[in-house]
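Peer 1: The structure is given below, and queries will be raised subsequently.
The values are calculated or read from the model by the stated rules, or taken from the named source; none is laboratory data. Predicted model, so just to flag it, every value in this text is computed and none were measured. Neighbour counts are summed over all protein chains in view; Cβ atoms, including those assigned to glycine, are modelled from backbone coordinates with ideal geometry.
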Amino acid sequence: MPSDPPVYIIDDEPEMCRSLALLLSTGGVPARSFGSADLFLDMLEHLPPGVVVCDVRMPGTSGIELVQSLAARRRDDPVVIISGHADIALAVEAMKAGAMDFVEKPFEAAAMMATVENGRARIERMAGPAGKLAHLSRRERQVLDLVVAGMTSKEAARELSISPRTIETYRTKLLEKTGAHCTAELIRIGVEAGVGPSSMA
């Protein structure tokens, strides 16, 4: 998990995405915009944990359905729901489904920044070594075990009966998901979380 958690802006109104991204950039907060919850969910596997700022009412997957989808995928990214005056009941429903907070349109810039920072602080608290590995798939965990054990890609590929190229793909995913900048940092995270040959299934 990166030390500077990003914010994912999900809204079908391009202007809202632009204005939120600008607001966050002035505060030095990294942000990425998605025109729909479906696009975001399609990319989810490759995205590190971050604060999700999502409109409650959108074509396709709604804000409420997004919260439910994240839970089903065992992602605990804090979700901030944006709602219009007529959508307050929906926003409350989203919070009951697991959203962290909701912000009513039009929102105050300071209030939005404070809410986002609360979400980022929550991510930081979960950013211990074990927390960084919580969202790994079984195969990704197996590859990490072998990387921590000091195996090369060819050795790991033989161990798991897959190709070295596939091992490299998993290694890249591991760097993305843990926020590690290099293999050495990935190994350090794994060691601190107790990963190694003794943990292999």
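Peer 1: Quick one: Ile162 ticks every box in (1) in a helix (DSSP H, G or I); (2) more than 30 Å from Ser19 (Cβ to Cβ) except a single one, so which number is it?
Peer 2: Failing condition for Ile162: (1).
Peer 1: For segment 77-89, indicate whether the set of residues that are more than 17 Å from the chain's Cα centre (by Cα), crowded, with 23+ Cβ neighbours inside 10 Å and closer than 22 Å to Pro6 by Cβ is non-empty.
Peer 2: Yes, segment 77-89 contains a residue that is more than 17 Å from the chain's Cα centre (by Cα), crowded, with 23+ Cβ neighbours inside 10 Å and closer than 22 Å to Pro6 by Cβ.
Peer 1: Of all residues in segment 137-182 being hydroxyl-bearing (Ser, Thr, Tyr) and over 21 Å from the mean Cα position of the chain (by Cα), which is nearest to Pro5 (Cα to Cα)?
Peer 2: Filtering segment 137-182 for residues that are hydroxyl-bearing (Ser, Thr, Tyr) and over 21 Å from the mean Cα position of the chain (by Cα), the one nearest to Pro5 (Cα to Cα) comes out as Thr166.
Peer 1: Let me ask something additional. Can you tell which of Ala71, Ala134 is within 21 Å of the chain's Cα centre (by Cα), under 30 Å from Thr169 (Cα atoms), touching a residue at least 24 places away in the same chain (Cβ under 8 Å) and assigned to a helix (DSSP H, G or I)?
Peer 2: Of the residues listed, the single one that is within 21 Å of the chain's Cα centre (by Cα), under 30 Å from Thr169 (Cα atoms), touching a residue at least 24 places away in the same chain (Cβ under 8 Å) and assigned to a helix (DSSP H, G or I) is Ala71.
Peer 1: When segment 1-34 is examined, which residues are found to be among the hydrophobic types (A, V, I, L, M, F, W, C), touching a residue at least 24 places away in the same chain (Cβ under 8 Å) and either surrounded by fewer than 17 Cβ atoms within 10 Å (Cβ to Cβ) or closer than 17 Å to Val79 by Cβ (or both)?
Peer 2: Met1, Val7, Ile9, Ile10, Met16, Leu20, Leu24, Val29, Ala31, Phe34
Peer 1: In the set Ala37, Ala99, which member is without any contact (Cβ under 8 Å) to a residue 40 or more places away in the chain, surrounded by 22 or more Cβ atoms within 10 Å (Cβ to Cβ), within 30 Å of Arg171 (Cα to Cα) and of a type in the set (A, V, I, L, M)?
Peer 2: Within the list Ala37, Ala99, the selection yields Ala37.
Peer 1: Another question, if that's okay. Being modelled with pLDDT under 90, under 25 Å from Leu20 (Cα atoms), among the charged types (D, E, K, R) and in a loop (DSSP other than H, G, I, E, B), is that true of even one residue in segment 90-110?
Peer 2: yes
Peer 1: Sticking with this structure for a sec: Keeping to segment 137-159, report how many residues are closer than 24 Å to Arg75 by Cβ and assigned to a loop (DSSP other than H, G, I, E, B).
Peer 2: Of the residues in segment 137-159, 1 are closer than 24 Å to Arg75 by Cβ and assigned to a loop (DSSP other than H, G, I, E, B).
Peer 1: Here's something else I'd like to know. Filter segment 168-187 for residues that are part of a helix (DSSP H, G or I), more than 14 Å from Ser137 (Cβ to Cβ) and aliphatic (A, V, I, L, M) and give the result.
Peer 2: Matches in segment 168-187: Leu175, Ala184, Leu186, Ile187.
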